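Read the figures in this text as sums done on the coordinates, not as results from a lab. These numbers were taken from a predicted model, which means no experiment stands behind them.
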Amino acid sequence: MPSYRVAIDVHETHPGVSPPSLLPLAEELLARTHRVEDRSVELIRMQPQVHLRFLVETSTDRQEDDEAEDAVRRLVADLTASAVLGRWVLRRGPGGHWRVVREGFAPEPPDVPVDF
């Protein structure tokens, strides 16, 4: 089973969401469909990031990469209910070298009119 790592930029959590709750929430969301091997929060160039390592069922390389990307896109979309997210990078391993296979950006939050 191939192993993947995703790093997701976190700009801020929404009101009422504590920053420490974001990592277990991300793990819970991804674990609904994939086995999560590891999780962490890292500060990269002053940017907080959620890191998750997970497994994908064995098939062809392209199908595995597509499945991993679909899982990450669902995860990022679900997490936007709790936080303002930015760029994400998906890497394939295992080993000392994790190569980038896909990357993208979180969807923009919908414009909500403010009533004063």
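Overview of values
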item	result
Residue-by-residue Karplus 3J(HN,Hα) for region 88-93, coefficients 6.51, -1.76, 1.60, Hz, glycine and proline x	10, 10, 9, 10, 10, x
Helix axis angle, 61-79 relative to the chain longest principal axis, alpha carbon, degrees	20 degrees
Relative contact order of the chain, defined on C-alpha pairs under 8 angstrom at six or more residues apart (%)	35 percent
